[in-house]
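Asker: Got a structure for you, written out below as structure tokens; questions coming shortly.
The values are calculated or read from the model by the stated rules, or taken from the named source; none is laboratory data. Please read these numbers as outputs of a predicted model, since none were measured by experiment. When we count neighbours, we look across all protein chains shown, and the Cβ atoms used for this are built from the backbone with ideal geometry, even at glycine.
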Amino acid sequence: MEQVSESKVRSAIILSPDENGQLPVFGIPSARRLVLLASQIGVQTIQVIGRVDPLRPILSDLLPPEAFHPVEDPGRLDNVVNGLDLPAGDGVLVLKANHIVDKYSLTRLIETAAGQNLYSLRAKEKGELDGIYVAPATDLVPLLKLLWSRSSCSPDILDKARQVQGVSGLPYAINDGADQTEISEAKLVAALPYQTKEKDGFLARHLDRRLSRFVSKRLSHTRVVPNQITLTGVAIGLIGALLLSRPGYWPQLIGSLLFLSFAVMDGVDGEVSRLRLLDSQFGYYLDMITDNVVNVAIFSGIAFGLYHDTGDGIYLKVFLFLLGGFGLCAISVYYNILRRSREELKQSSKITRFMVLLTNSDFAYVVVASALIHRLNWFLIGTTVGTYLFAATLWVMGLQEKRKISH
């Protein structure tokens, strides 16, 4: 996505002209989903206007009492909006309580919005009303009246709206009916790949994610939480590492397949978190730490498995040398990738962007292929050499780009 300029969207208005904001998607009422999403993307103040009484029980733990503004007649919207303390010069995020949208599309709208212009996030053609908007203060009242009742105001205001395209048919207005709940959930699942497409490798994107989305959709209807999925995946990965450390073809092949299963499960926890809006800083660090623990355990298992197969201690020495390469890679990735913003990475060289892709989990398939042909020694030695080449190349590219910027 192209960022036009720094966006100032610190306030949101959720319009509730009916009771459809109570309808659940993955067990979460649509209005509650909107409040959680808006908070996650940095919106500081959220106001709920309209028939708010049905929404108080599902939002009272997220919003203060003064955030609810009862309105039965759209003719009173002028008084309510004029009484809001909205930051001067800001665009205001405007949503209907029954809208279903993903974080990627909503972030895209917020990052694109600039100046005192009207922006519309929609999946349908221009002129349709069921969209999400960023509006200047001057357009708020006519826009809210239009969204409340299609017959109360001319839709001419939409002609000047700058369009931002949502993904996977989102946003989607959910109304009463189980079929619409199923449609909403299917659209949210279909939108998941957009949130990870910049870091997923080819195999992860076309194989892992297909499997993980199948599992994630079903787990999202249970009480299983993402951290439980993370720990289950870790257990699978560590069992795989244990089997890889054993001598013999079949234990090592099964161990490699369990590692591949861990790579798939590693996507499930994040997808369930996004579908059920359970993102947390603890979960993020738990996922990051356990990924590294399992990866080190896998390489350790491969080295010990080769040692048990051959009795040659060279593989244990190679593993120690590999740990040094991991350390250099971690330092190089931190300084040249993790510390840089997404926009900076987009402007970096093609080689650097390719190096970013090499940090994904596609290598799990290489482990399986190596075990299948009984050549895990090739994989271990190749990876050891590759870590040093990767770290050196990424560091050189980073230094060259810094020189270009300084000049």
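Asker: If I ask for residues that are loosely packed, with under 12 Cβ neighbours inside 10 Å, out of contact with any Gly (no Cβ under 9 Å at 6 or more places or on another chain) and over 17 Å from Thr138 (Cα atoms), which ones from the stretch 42-87 would you list?
Answerer: Here is the first cut: in the stretch 42-87, the ones loosely packed, with under 12 Cβ neighbours inside 10 Å are 42, 44, 53, 57, 61, 64-66, 72-73, 75, 79, 82-83, 85.
Filter once more, so that each one left must be out of contact with any Gly (no Cβ under 9 Å at 6 or more places or on another chain): 42, 44, 53, 57, 61, 64-66, 73, 75, 79, 82-83, 85.
Result: Gly42, Gln44, Asp53, Pro57, Asp61, Pro64, Pro65, Glu66, Asp73.
Asker: Is it fair to say Ser105 is more than 16 Å from Ile13 (Cα to Cα) and at pLDDT 90 or above? Explain how you work it out, then say what you get.
Answerer: Values: more than 16 Å from Ile13 (Cα to Cα): yes; at pLDDT 90 or above: yes.
Against the criterion (more than 16 Å from Ile13 (Cα to Cα) and at pLDDT 90 or above), Ser105 qualifies.
Asker: Check Val296 against each of (1) β-branched (Val, Ile, Thr); (2) buried (at least 20 other Cβ atoms within 10 Å of the Cβ); (3) over 17 Å from the mean Cα position of the chain (by Cα) and name the one condition it does not meet.
Answerer: Tallying (1) β-branched (Val, Ile, Thr); (2) buried (at least 20 other Cβ atoms within 10 Å of the Cβ); (3) over 17 Å from the mean Cα position of the chain (by Cα), Val296 fails exactly one: (2).
Asker: Count, please, the residues in the stretch 222-268 that happen to be of a type in the set (A, V, I, L, M) and in contact with a Phe, Trp or Tyr (Cβ under 8 Å, 6 or more places away or on another chain). Don't jump to the end; show me each part of the working.
Answerer: Here is the first cut: in the stretch 222-268, the residues of a type in the set (A, V, I, L, M) are 224-225, 229, 231, 234-236, 238-239, 241-244, 253-254, 257-258, 260, 263-265, 268.
Add one more test, that the residue is in contact with a Phe, Trp or Tyr (Cβ under 8 Å, 6 or more places away or on another chain), and what stays is 234, 236, 241, 244, 260.
Counting residues in the stretch 222-268 that are of a type in the set (A, V, I, L, M) and in contact with a Phe, Trp or Tyr (Cβ under 8 Å, 6 or more places away or on another chain) gives 5.
Asker: Six or more apart or on different chains, Cβ atoms under 8 Å: show the pairs whose first residue is in the stretch 68-89 and more than 22 Å from Lys8 (Cα to Cα) and whose second is among the aromatic types (Phe, Trp, Tyr).
Answerer: Pro74/Trp148; Leu77/Trp148
Asker: Quick one: Pro87 ticks every box in (1) touching a helix residue (DSSP H, G or I) at 6+ places or on another chain (Cβ under 8 Å); (2) part of a loop (DSSP other than H, G, I, E, B); (3) of a type outside the set (Phe, Trp, Tyr) bar one, so which box is it?
Answerer: Failing condition for Pro87: (1).
Asker: In addition: Can you name the residue in the stretch 158-192 that is over 23 Å from the mean Cα position of the chain (by Cα) and either under 18 Å from Arg213 (Cβ atoms) or surrounded by 18 or more Cβ atoms within 10 Å (Cβ to Cβ) (or both) and is also modelled with the highest pLDDT among such residues?
Answerer: Residues of the stretch 158-192 over 23 Å from the mean Cα position of the chain (by Cα): 158-162, 175-180.
Still in the list and also either under 18 Å from Arg213 (Cβ atoms) or surrounded by 18 or more Cβ atoms within 10 Å (Cβ to Cβ) (or both): 158, 161, 180.
Details: Leu158: 75, Ala161: 85, Gln180: 89.
Per the stated criteria, the residue is Gln180.
Asker: A further question follows. Quick one: how many residues across the stretch 189-206 are touching a residue at least 60 places away in the same chain (Cβ under 8 Å) and out of contact with any helix residue (DSSP H, G or I) (no Cβ under 6 Å at 6 or more places or on another chain)? Working first, answer last.
Answerer: Narrowing the stretch 189-206 to residues touching a residue at least 60 places away in the same chain (Cβ under 8 Å): 189, 191-192, 194-196, 198-204.
Subsequent filtering for residues that are out of contact with any helix residue (DSSP H, G or I) (no Cβ under 6 Å at 6 or more places or on another chain) retains 191, 196, 198-200, 202, 204.
The total comes to 7.
Asker: Scan the stretch 244-251 and give yes if some residue there is at positive phi, exposed (fewer than 14 other Cβ atoms within 10 Å of the Cβ) and not acidic (Asp, Glu), otherwise no. Give the steps one after another, and end with the answer.
Answerer: Here is the first cut: in the stretch 244-251, the ones at positive phi are 248.
So of that shortlist, the ones also exposed (fewer than 14 other Cβ atoms within 10 Å of the Cβ) come out as 248.
Next, only the ones that are not acidic (Asp, Glu) stay: 248.
Among the residues of the stretch 244-251, at least one is at positive phi, exposed (fewer than 14 other Cβ atoms within 10 Å of the Cβ) and not acidic (Asp, Glu), which makes the answer yes.
Asker: Another question about this same structure. From the list Ser11, Ser39, exactly one residue is among the hydroxyl-bearing types (Ser, Thr, Tyr) and more than 20 Å from Ala137 (Cα to Cα). Which is it? Walk me through how you get there before you give the answer.
Answerer: Working: Ser11 fails: more than 20 Å from Ala137 (Cα to Cα).
It is Ser39.
Listed here are the residues, each with its yes/no results for (1) in a helix (DSSP H, G or I); (2) under 15 Å from Val224 (Cβ atoms); (3) free of Cβ contacts under 8 Å to residues at least 24 places away in the same chain.
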{"site": "Asp269", "(1), (2), (3)": "yes, yes, no"}
{"site": "Ser273", "(1), (2), (3)": "yes, yes, no"}
{"site": "Asp279", "(1), (2), (3)": "no, no, no"}
{"site": "Asn292", "(1), (2), (3)": "yes, no, yes"}
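Asker: Here's a follow-up. Residue pairs, Cβ under 6 Å, 6 or more apart or interchain, first in the stretch 218-241 and part of a loop (DSSP other than H, G, I, E, B), second not aliphatic (A, V, I, L, M). List them.
Answerer: That search, which allows pairs on different chains as well, returns Ser220/Phe26; Ser220/Arg276.
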